[in-house]
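S.K.: Input: one structure, supplied below.
The values are calculated or read from the model by the stated rules, or taken from the named source; none is laboratory data. Remember, it's a predicted structure, so these values are computed and weren't measured experimentally. Note that each Cβ is placed from the backbone with ideal geometry, even for glycine, and that neighbours are counted across all protein chains shown. With ligands, DNA and RNA removed, areas are computed over all heavy atoms of the protein, side chains included. Shrake-Rupley method; radii C 1.70, N 1.55, O 1.52, S 1.80 Å.
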Amino acid sequence: DVKVTQSSRYLVKRTGEKVFLECVQDMDHENMFWYRQDPGLGLRLIYFSYDVKMKEKGDIPEGYSVSREKKERFSLILESASTNQTSMYLCASSFTRVGEQFFGPGTRLTVL
Amino acid sequence: KNQVEQSPQSLIILEGKNCTLQCNYTVSPFSNLRWYKQDTGRGPVSLTIMTFSENTKSNGRYTATLDADTKQSSLHITASQLSDSASYICVVSVQGAQKLVFGQGTRLTINP
(Lines give C-alpha, C1' and ligand atoms only; values in the text may rest on other atoms or scores of the structure.)
Protein backbone atom coordinates (compact mmCIF):
# COMPACT_ATOMS: atom_id res chain seq x y z
CA ASP A 1 0.00 0.00 0.00
CA VAL A 2 1.49 3.29 -1.10
CA LYS A 3 2.13 5.80 1.59
CA VAL A 4 3.07 9.44 1.91
CA THR A 5 3.48 10.73 5.44
CA GLN A 6 3.85 14.27 6.72
CA SER A 7 5.52 15.09 9.99
CA SER A 8 2.65 16.98 11.58
CA ARG A 9 -1.12 17.20 11.06
CA TYR A 10 -1.42 20.52 12.89
CA LEU A 11 1.21 23.14 13.61
CA VAL A 12 1.04 26.54 15.27
CA LYS A 13 3.98 28.91 14.88
CA ARG A 14 4.69 32.57 15.56
CA THR A 15 5.56 35.20 13.00
CA GLY A 16 9.25 35.16 12.19
CA GLU A 17 9.87 31.58 13.24
CA LYS A 18 11.63 29.14 10.94
CA VAL A 19 9.32 26.26 10.10
CA PHE A 20 10.17 22.82 8.74
CA LEU A 21 7.55 20.59 7.15
CA GLU A 22 8.73 17.09 6.39
CA CYS A 23 7.37 14.61 3.89
CA VAL A 24 8.39 10.97 3.43
CA GLN A 25 7.23 8.52 0.77
CA ASP A 26 7.84 4.79 0.67
CA MET A 27 7.14 4.17 -3.03
CA ASP A 28 10.64 4.88 -4.36
CA HIS A 29 9.20 7.77 -6.42
CA GLU A 30 11.64 10.19 -7.97
CA ASN A 31 9.11 13.01 -8.20
CA MET A 32 7.92 14.92 -5.16
CA PHE A 33 5.82 18.07 -4.79
CA TRP A 34 4.73 20.63 -2.21
CA TYR A 35 1.39 22.41 -2.51
CA ARG A 36 -0.60 24.80 -0.40
CA GLN A 37 -4.37 24.67 -0.41
CA ASP A 38 -6.55 27.65 0.44
CA PRO A 39 -10.34 28.02 0.24
CA GLY A 40 -11.43 29.23 -3.18
CA LEU A 41 -7.91 28.95 -4.63
CA GLY A 42 -7.45 25.20 -4.86
CA LEU A 43 -4.03 23.59 -4.82
CA ARG A 44 -1.09 25.76 -5.79
CA LEU A 45 2.35 24.34 -6.50
CA ILE A 46 5.14 25.74 -4.33
CA TYR A 47 8.17 23.63 -5.25
CA PHE A 48 8.88 20.28 -6.82
CA SER A 49 11.78 17.91 -7.21
CA TYR A 50 12.49 15.33 -9.90
CA ASP A 51 15.54 13.83 -8.22
CA VAL A 52 17.71 13.91 -5.14
CA LYS A 53 19.31 17.31 -4.55
CA MET A 54 17.28 18.73 -7.41
CA LYS A 55 14.55 21.36 -6.96
CA GLU A 56 12.40 23.52 -9.19
CA LYS A 57 10.20 26.51 -8.36
CA GLY A 58 6.51 26.08 -8.78
CA ASP A 59 3.91 28.81 -9.16
CA ILE A 60 4.25 30.40 -5.71
CA PRO A 61 7.80 29.82 -4.35
CA GLU A 62 8.24 33.19 -2.62
CA GLY A 63 8.89 32.82 1.10
CA TYR A 64 9.65 29.11 0.83
CA SER A 65 12.62 26.86 0.20
CA VAL A 66 13.00 23.09 -0.03
CA SER A 67 15.52 20.37 0.61
CA ARG A 68 15.80 16.91 -0.94
CA GLU A 69 18.83 15.15 0.51
CA LYS A 70 17.37 11.66 0.18
CA LYS A 71 15.05 10.21 -2.43
CA GLU A 72 12.28 9.43 0.01
CA ARG A 73 12.29 12.74 1.89
CA PHE A 74 11.27 16.22 0.72
CA SER A 75 11.25 19.08 3.19
CA LEU A 76 9.53 22.45 2.89
CA ILE A 77 11.10 25.32 4.81
CA LEU A 78 9.54 28.64 5.76
CA GLU A 79 12.57 30.78 6.54
CA SER A 80 10.58 33.42 8.42
CA ALA A 81 6.94 32.50 8.82
CA SER A 82 4.33 35.15 8.13
CA THR A 83 0.60 35.21 8.80
CA ASN A 84 -0.19 34.93 5.09
CA GLN A 85 1.47 31.52 5.10
CA THR A 86 -1.32 30.15 7.28
CA SER A 87 -2.65 27.36 5.11
CA MET A 88 -3.02 23.63 4.50
CA TYR A 89 0.21 22.19 3.09
CA LEU A 90 0.08 19.02 1.04
CA CYS A 91 2.99 16.87 -0.08
CA ALA A 92 2.71 14.47 -3.01
CA SER A 93 4.85 12.03 -4.94
CA SER A 94 4.51 10.35 -8.32
CA PHE A 95 6.18 7.68 -10.42
CA THR A 96 6.24 9.83 -13.56
CA ARG A 97 6.43 13.61 -13.70
CA VAL A 98 2.78 14.07 -14.69
CA GLY A 99 1.44 10.74 -13.49
CA GLU A 100 -0.96 10.02 -10.67
CA GLN A 101 0.07 11.90 -7.57
CA PHE A 102 -0.13 10.27 -4.17
CA PHE A 103 -0.79 12.80 -1.46
CA GLY A 104 0.01 12.92 2.21
CA PRO A 105 -2.69 13.79 4.77
CA GLY A 106 -1.65 17.43 4.90
CA THR A 107 -0.32 19.78 7.57
CA ARG A 108 -2.56 22.59 8.72
CA LEU A 109 -0.19 25.41 9.63
CA THR A 110 -1.32 28.44 11.58
CA VAL A 111 1.04 31.39 11.90
CA LEU A 112 0.12 33.80 14.69
CA LYS B 1 -3.49 30.69 -20.54
CA ASN B 2 -3.97 27.13 -19.27
CA GLN B 3 -6.93 27.06 -16.91
CA VAL B 4 -9.32 24.56 -15.36
CA GLU B 5 -12.71 25.77 -14.15
CA GLN B 6 -15.03 23.64 -12.06
CA SER B 7 -18.70 24.09 -11.35
CA PRO B 8 -20.54 24.34 -9.15
CA GLN B 9 -18.27 25.52 -6.34
CA SER B 10 -20.45 23.67 -3.87
CA LEU B 11 -23.40 21.31 -4.04
CA ILE B 12 -25.73 19.81 -1.46
CA ILE B 13 -27.90 16.81 -2.28
CA LEU B 14 -29.86 14.16 -0.42
CA GLU B 15 -28.48 10.68 0.09
CA GLY B 16 -29.48 8.35 -2.73
CA LYS B 17 -29.73 11.09 -5.35
CA ASN B 18 -27.49 11.41 -8.41
CA CYS B 19 -25.34 14.42 -9.22
CA THR B 20 -22.99 15.69 -11.91
CA LEU B 21 -19.91 17.84 -11.44
CA GLN B 22 -18.46 19.84 -14.31
CA CYS B 23 -14.91 20.62 -15.40
CA ASN B 24 -14.07 22.95 -18.31
CA TYR B 25 -10.48 23.43 -19.39
CA THR B 26 -8.49 25.58 -21.78
CA VAL B 27 -5.33 23.51 -21.49
CA SER B 28 -3.45 22.96 -24.73
CA PRO B 29 -1.99 20.67 -25.81
CA PHE B 30 -4.04 18.26 -23.76
CA SER B 31 -2.53 15.04 -22.42
CA ASN B 32 -4.96 13.61 -19.86
CA LEU B 33 -7.51 14.55 -17.23
CA ARG B 34 -7.84 13.15 -13.73
CA TRP B 35 -10.54 13.46 -11.12
CA TYR B 36 -9.44 13.36 -7.49
CA LYS B 37 -11.57 12.96 -4.38
CA GLN B 38 -10.48 14.75 -1.21
CA ASP B 39 -12.13 13.82 2.06
CA THR B 40 -12.10 16.45 4.79
CA GLY B 41 -8.72 16.53 6.51
CA ARG B 42 -7.14 14.13 4.02
CA GLY B 43 -5.06 14.39 0.88
CA PRO B 44 -6.67 13.94 -2.56
CA VAL B 45 -6.98 10.43 -4.01
CA SER B 46 -7.23 9.69 -7.73
CA LEU B 47 -10.62 8.42 -8.90
CA THR B 48 -10.09 8.14 -12.62
CA ILE B 49 -7.89 9.21 -15.52
CA MET B 50 -9.02 9.94 -19.05
CA THR B 51 -6.90 10.33 -22.16
CA PHE B 52 -7.78 12.11 -25.39
CA SER B 53 -9.35 9.05 -27.00
CA GLU B 54 -11.57 8.07 -24.07
CA ASN B 55 -15.17 9.28 -23.77
CA THR B 56 -16.30 7.50 -20.62
CA LYS B 57 -14.68 5.75 -17.71
CA SER B 58 -16.32 4.28 -14.63
CA ASN B 59 -15.08 3.54 -11.14
CA GLY B 60 -17.91 1.99 -9.18
CA ARG B 61 -20.65 4.59 -8.75
CA TYR B 62 -18.41 7.28 -10.30
CA THR B 63 -18.54 7.82 -14.07
CA ALA B 64 -16.32 10.36 -15.77
CA THR B 65 -16.93 11.64 -19.29
CA LEU B 66 -14.67 13.62 -21.57
CA ASP B 67 -15.48 15.69 -24.64
CA ALA B 68 -12.12 16.70 -26.10
CA ASP B 69 -13.77 18.84 -28.77
CA THR B 70 -15.56 21.12 -26.31
CA LYS B 71 -12.86 20.65 -23.65
CA GLN B 72 -15.33 19.55 -21.02
CA SER B 73 -15.41 16.74 -18.52
CA SER B 74 -18.04 15.67 -16.05
CA LEU B 75 -18.08 13.40 -13.03
CA HIS B 76 -21.41 11.70 -12.42
CA ILE B 77 -22.12 10.12 -9.05
CA THR B 78 -24.93 7.58 -8.92
CA ALA B 79 -26.99 6.74 -5.84
CA SER B 80 -24.96 9.03 -3.60
CA GLN B 81 -23.84 7.91 -0.15
CA LEU B 82 -22.84 9.91 2.91
CA SER B 83 -19.23 8.88 2.26
CA ASP B 84 -19.32 10.74 -1.05
CA SER B 85 -19.22 14.01 0.90
CA ALA B 86 -15.87 15.45 -0.15
CA SER B 87 -14.19 17.89 -2.49
CA TYR B 88 -13.71 16.74 -6.07
CA ILE B 89 -10.77 18.17 -7.98
CA CYS B 90 -10.24 18.11 -11.75
CA VAL B 91 -6.60 18.07 -12.90
CA VAL B 92 -5.44 18.41 -16.51
CA SER B 93 -2.00 17.47 -17.76
CA VAL B 94 -0.27 19.63 -20.39
CA GLN B 95 1.36 17.47 -23.05
CA GLY B 96 5.07 18.04 -23.43
CA ALA B 97 5.29 20.63 -20.65
CA GLN B 98 5.14 18.04 -17.87
CA LYS B 99 2.82 20.34 -15.98
CA LEU B 100 -0.46 19.81 -14.16
CA VAL B 101 -3.23 22.41 -14.01
CA PHE B 102 -5.60 22.09 -11.05
CA GLY B 103 -9.21 23.17 -10.82
CA GLN B 104 -10.46 24.84 -7.65
CA GLY B 105 -12.63 21.88 -6.75
CA THR B 106 -16.32 21.29 -6.06
CA ARG B 107 -17.37 20.78 -2.44
CA LEU B 108 -20.10 18.08 -2.38
CA THR B 109 -22.22 17.51 0.73
CA ILE B 110 -24.55 14.54 0.99
CA ASN B 111 -27.30 14.96 3.57
CA PRO B 112 -29.23 12.04 5.08
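S.K.: What about A:VAL98, is it free of Cβ contacts under 8 Å to residues at least 40 places away in the same chain, under 26 Å from B:MET50 (Cβ atoms) and within 12 Å of chain B (Cβ to nearest Cβ)?
M.R.: Here the answer is yes, as A:VAL98 does meet what is asked.
S.K.: In addition: Which one is farthest from the other protein chains (Cβ to nearest Cβ), of the residues in the stretch A:72-95 that are touching a strand residue (DSSP E or B) at 6+ places or on another chain (Cβ under 7 Å), outside any helix (DSSP H, G or I) and open to solvent by 50 Å² or more (accessible area, probe 1.4 Å)?
M.R.: Per the criteria, the residue is A:GLU79.
S.K.: Kindly provide the set of residues from the stretch B:16-28 that are over 18 Å from B:SER58 (Cβ atoms), more than 14 Å from chain A (Cβ to nearest Cβ) and not basic (Lys, Arg), ordered by number.
M.R.: Across the stretch B:16-28, the qualifying residues are B:GLY16, B:ASN24, B:THR26, B:SER28.
S.K.: Among the listed residues B:SER10, B:SER31, which satisfies the condition of being among the small types (Gly, Ala, Ser) and either facing chain A (nearest Cβ under 10 Å) or open to solvent by less than 60 Å² (accessible area, probe 1.4 Å) (or both)?
M.R.: Checking each option against the conditions leaves just B:SER31.
S.K.: Which of the numbered conditions does A:GLU69 fail, given that it passes all the others? Conditions: (1) more than 14 Å from chain B (Cβ to nearest Cβ); (2) in contact with a Ser or Thr (Cβ under 7 Å, 6 or more places away or on another chain); (3) not in a loop (DSSP other than H, G, I, E, B).
M.R.: With respect to (1) more than 14 Å from chain B (Cβ to nearest Cβ); (2) in contact with a Ser or Thr (Cβ under 7 Å, 6 or more places away or on another chain); (3) not in a loop (DSSP other than H, G, I, E, B), A:GLU69 is out only on (2).
S.K.: What's the total number of residues in the stretch A:12-47 that are open to solvent by 30 Å² or more (accessible area, probe 1.4 Å), more than 19 Å from B:SER87 (Cβ to Cβ), in a strand (DSSP E or B) and within 14 Å of another protein chain (Cβ to nearest Cβ)?
M.R.: Result for the stretch A:12-47: 1.
S.K.: So how many residues does the stretch B:89-112 have that are more than 18 Å from the chain's Cα centre (by Cα) and small (Gly, Ala, Ser)?
M.R.: 2
S.K.: Quick check on A:LEU109: is it loosely packed, with under 14 Cβ neighbours inside 10 Å, of a type in the set (A, V, I, L, M, F, W, C) and closer than 25 Å to B:GLY103 by Cβ?
M.R.: No: the conditions fail for A:LEU109.
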